[in-house]
Amino acid sequence: MTVFIASLFLPKTVHFTLPGTPPRGALSKKNEPLLAKKPPTTEEGAPSLFAAAQVNITPPITPTEERKPEDPFVNEDGLRIHLPPLDTASTGLRAPVDRSSPTWGGRPDQPMSRANSPPPPSIIDSNRHLQQKAKELGRQGVTQPRTLARSDSHDRVFAHANWKILSADQGNGGLRNAAEAAAREGKLGEYTWVGTLGMPTDALQGTQQLQDIEDRMATEHDMLTVFCSDKDFDGHYSHFCKQILWPVFHYQIPDNPKSKAYEDHSWKYYVNVNRAFADKIVKNWKRGDVIWVHDYHLLLVPNMVRQKIPEAKIGFFLHVAFPSSEVFRCLAVRKELLEGMLGANLIGFQIAEYTRHFLQTCSRLLSAEATPDGLQLEDRFVDVVSLPIGIDPVSLSAHREEDEVSRWMEIMRKRYAGKKLIVARDKLDHVRGVRQKLLSYELFLNKNPEWRDNVVLIQVALSTSEKSELDATVSDIVTRVNSSWGNMAYQPVHYLKQDIPYAQYLALLSIADALMITSQREGMNLTSHEYLYCQDGKISEKKHGSLILSEFTGTSSLFGGNELAVNPWDYNSCANAIKSALEMGDEEKERRWQKLYHAVNHHTGSHWFTEFMLRLDRVYDEQHHRDHTSVPRLSLNALARQYKNSERRLFILDFEGTLVSWGPINKIIPVSPQRTLDVLNDLLLDERNTIYVMSGRQPEELDRLFRRVPNLGLIAENGCFLKDCGSAEWTEMADSEQIRSWKQSVKNILQYYIERTPGAEIENRRCSLIFHYKSAEDYEAAARQASDCASHINDACEQQRVHAIPLDGCVLVEPIDWTKSTAAEKIFGDLKARMAPDAQHASPVDFLMVVGDGREDEKVFKWANALGEDKTVKEVVTVSLGNRNTEATATLTQGVSGVLMALQKLSQVA
């Protein structure tokens, strides 16, 4: 068995050695003027906040408006990817390089991208006249400037250049570390990565180089390389992912004039890249393999694979936040994205909040029935879980023991002697809240003059590829703070718009007095986990520093209030949190840190990886067991033998769709089909048989329908009312006071939607309410209103133990605590109570048969099967009609006629 881990970027990439290339770290004349203005660097060529300390000069220079184009593939999970020293030395990845292309590619040791940025909206009609004009100019002999010769030369150089495979510095660091930790601990066997190289490949198409790279990645590194055109990748990643999905998933509703969320030209590129991933997986999949797809870049892959391999075991995990349905519904392709995710057997999110948002969104937009465990679709069940990712403490500990980390810690201790250090590392975008953090820090210094000259905020900012107002705003704030309270020997803020070497990063986390994270929305901030782990005092004095953490990060839900939780938009509370962190007593810091450290050690990357895989195995087996193609057909001969060999028999039979053909749920059937009544009467002639009919209809209707079948037990309103065999009275199972209390609330909600849905109506039953819209004037609009109605009720009335279930043409609102299964349990218990005292240790029946066709019957199947599994009942037969997934142990495909034929055959058994 192989586990396919599908992520946008592979952990490895390719770098070329070009003829005439200067040694690594050497700067070209073209770069010299630009780089001369950059902050000082270490001897390794990496930018450093602390190089100034080595030469005893003033702190780093004030930020300027000058901007360096940056690789768009910067990590998004907040976790540093540590490259081995060999990689750093040989590739110079940490050295400043000239990246002339603002889009994908641009490194001198990798091919240039041929993609246009933004991708041309060729599907937009308004662009056709431009194409026509170009053709006309061509006919007139006017040619457009071309760089074909340069491109051909560029391609030839890379087609024959030497190359090697090295660790990539882009991608999901948390996922990579978790997989490596699970493999190291023996919890993960064979696994293969599926992803792109993170570099343009059009220049290599059709060359032997490309085939050799693909072969070596597969044979030496167990990595399947997905190749897609530069145009597809640029449109997918730089445009659809970054300009549409990323903002929406982080609650930035695309309603500003610069937003491209309503332009669909990049959607087709997103589909193309997802299709390339799915095709690569399908081509290499073997029976028994596991497919695990990761993150918002590949939302469509699960369903694309499911369509080709229906029996595949597929998991999907979203590493970023999932927004509320109000935000997600802004996406033009919202249904396609949801349906893509629902191709998985198990969908995972970082925290319960994101899980709840996803379930509500699917209920609202797809009219799917949401349960605490997942989503009940028409043909199958999809499990949904929350499982937070973590760090790899073993790997982190090994890196912390390196000499380079100790050296930097000593440098920093001297450099910041007598100062309290607040550290931060964020991507410079609107989601990370860098601006809010700096304004809060400025307010703190304003309100607490005694801390001036005694505290330093070190902000490492990974700048984005787009020049924005945020960049200038942050630089202005830094300049203002430093000019207000700084001097020749002290700067309140040390700010660097580049990443720092890994050794500096670990040293900084180890000596910090506080870590400040003010993200406006973030899936799981693993920098906070690394910080807490580095504060254990094993390589430095015990700091046990404070953690200032935004309440809008997924990490906040794990720490139980032991962090200093802040609202990034509340500058006063953030300023007060800084003061609390700096002035907190050692005893309180120790107490808080111990609990935070325990949470980090429990929610490790290895635990996350193995727990998800175990759950995927379990839910796949359960789903496969319930799949209608895996459930055998009911054998009438075997059923007859089981019936004949039993002495005490109990039948629990559904009414609508099982004993009679389905009629309008809001219309009373005045006369039940005679054949159904005759079959029930024939079975009841045998005194060893006890029969109950369960229905969603009201008691009065069932009395009228079955008045000619004496000794028949009845279950009305899906378990809220029960009438024992031979009795003339009904027992109300539900709590009438509780029913009345929620009915009024629900009626008000239903009335709101009735007024907006012409032709819809409300059916008021004793213990339930039904919103009917099948006769609405505009059925599609009514269906949307019904989905909103169900979502509204489930959100507003959850505490009242009531839920709304979307059905075909209606929404059923009923109590959670009284169901067909609770009625079945009551029947079984009453039968046992009537047994002789000396026989009450035995089962009241030795043959139990349950037949049904709807979702509400599944709970009865599950209850009955449990009685058979623990041998409480000798023979248990559960039968489902139709082709939906089911808990039943057998299926009947002939519908109502098949049920009646089977029951009639039993009544004729001697």
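FYI, it's all coordinate maths here, none of it is from the lab. Quick caveat, the model's predicted, so the values are computed rather than measured. Cβ: placed from backbone, ideal geometry, glycine included. Neighbour counts: every protein chain shown.
Taken over the alpha carbons of the stretch 667-786 as equal point scatterers, the Debye sum produces base-10 log I(q)/I(0) values at 0.12, 0.17 Å⁻¹ of -0.59, -0.91.
With θ set to phi - 60° and the Karplus curve 6.51 cos²θ - 1.76 cosθ + 1.60, what are the ³J(HN,Hα) couplings of the stretch 322-332 in order, to the nearest whole Hz, using x for Gly and Pro? Computed from phi, the couplings for the stretch 322-332 are 10, x, 5, 4, 5, 7, 5, 5, 5, 6, 5 Hz.
Per residue, how big is the convex hull of the stretch 212-361 when only Cα atoms are used? Give it in Å³. Please report the intermediate quantities before stating the final value.
Details: hull volume 17.2 nm³, N = 150.
Per residue, the Cα convex hull of the stretch 212-361 comes to 115 Å³.
Treating each Cα of the stretch 736-815 as an identical point scatterer and summing with the Debye formula, the log10 of I(q)/I(0) at q = 0.11, 0.14, 0.17 Å⁻¹ comes to -0.24, -0.38, -0.56.
Binning the alpha carbon pair distances of the stretch 782-835 at 10 angstrom intervals from zero yields the distribution 22, 35, 22, 14, 5, 0, expressed in whole percent. Once backbone amide H atoms are built at 1.01 Å from N, Thr371 has Gln376 as its partners under 5 Å, excluding neighbours fewer than 5 places away on the same chain. Under Stokes-Einstein, with the Kirkwood radius over Cα pairs as Rh, the value for the stretch 396-603 at 10 °C and 1.306 mPa s is 93 µm²/s. Within the stretch 692-851, the percentage of alpha carbon pairs spaced more than 24 angstrom apart rounds to 45%. With just the Cα atoms defining each centre, how far is the stretch 627-660 from the stretch 755-801? Give it in Å. Comparing the Cα centres of the stretch 627-660 and the stretch 755-801, I get a distance of 35 Å.
For q values of 0.14 Å⁻¹, compute log₁₀ I(q)/I(0) with the Debye formula on a Cα-only model of the stretch 764-910, without solvent. With one equal scatterer per Cα and no solvent, log10 I(q)/I(0) is -0.88.
Could you pull out the pairs from Lys12/Lys497; Lys497/Lys538; Lys164/Lys308 whose alpha carbons sit more than 28 Å apart here? Spell out each step's value before the answer.
Details: Lys12/Lys497 26 Å; Lys497/Lys538 30 Å; Lys164/Lys308 35 Å.
From the list (Lys12/Lys497; Lys497/Lys538; Lys164/Lys308), the Cα-Cα distance tops 28 Å for Lys497/Lys538; Lys164/Lys308.
For the stretch 396-603, the residue among Trp485, Leu439, His598 whose Cα projects farthest onto the positive side of the dipole built from Cβ charges is Trp485. Are any of the pairs Lys644/Lys871; Lys242/Lys268; Lys832/Lys874; Lys832/Lys859; Lys826/Lys859; Lys187/Lys862 more than 23 Å apart by Cα-Cα distance, and if so, which? Violating the 23 Å Cα-Cα cut-off are Lys187/Lys862. Excluding same-chain neighbours fewer than eight residues apart, the aspartates and glutamates reachable from Lys595 by a Cα-Cα span under 20 Å are Asp392, Asp513, Glu530, Asp536, Glu541, Glu551, Glu563, Glu583, Asp586, Glu587. Centroid-to-centroid, using Cα positions, the stretch 844-871 and the stretch 496-573 are 52 Å apart.
Set the bar at 19 Å for Cα to Cα. Now go through Lys543/Lys579; Lys420/Lys543; Lys286/Lys335 and name every pair that lies beyond it. Please report the intermediate quantities before stating the final value.
Details: Lys543/Lys579 17 Å; Lys420/Lys543 11 Å; Lys286/Lys335 30 Å.
With Cα atoms farther than 19 Å apart: Lys286/Lys335.
If packing is taken as the average number of other Cβ atoms within 10 Å across a peptide's residues, how do 733-745, 350-362, 680-692, 709-721 rank, most packed first?
Details: 733-745: 14.7, 350-362: 21.5, 680-692: 16.9, 709-721: 23.4.
By packing density, highest mean first, the sequence is 709-721, 350-362, 680-692, 733-745.
For the stretch 376-498, the direction-averaged projected area of the alpha-carbon convex hull comes to 13.1 nm². Inter-part distance, the stretch 317-350 to the stretch 675-731, computed on C-alpha centroids, equals 45 Å.
Quick check: residue separation of Glu647 and Arg784 times 0.36 nm, minus the Cα distance between them. What number comes out in nm? Show your work: numbers first, answer last.
On the way: separation 137, 0.36 × 137 = 49.32 nm, distance 5.17 nm.
So the extension gain works out to 44.2 nm.
Quick check on the stretch 593-721: of the DSSP beta bridges with both residues there, what percent are antiparallel, nearest 5%? If I count the DSSP bridges inside the stretch 593-721, around 10 percent turn out antiparallel.
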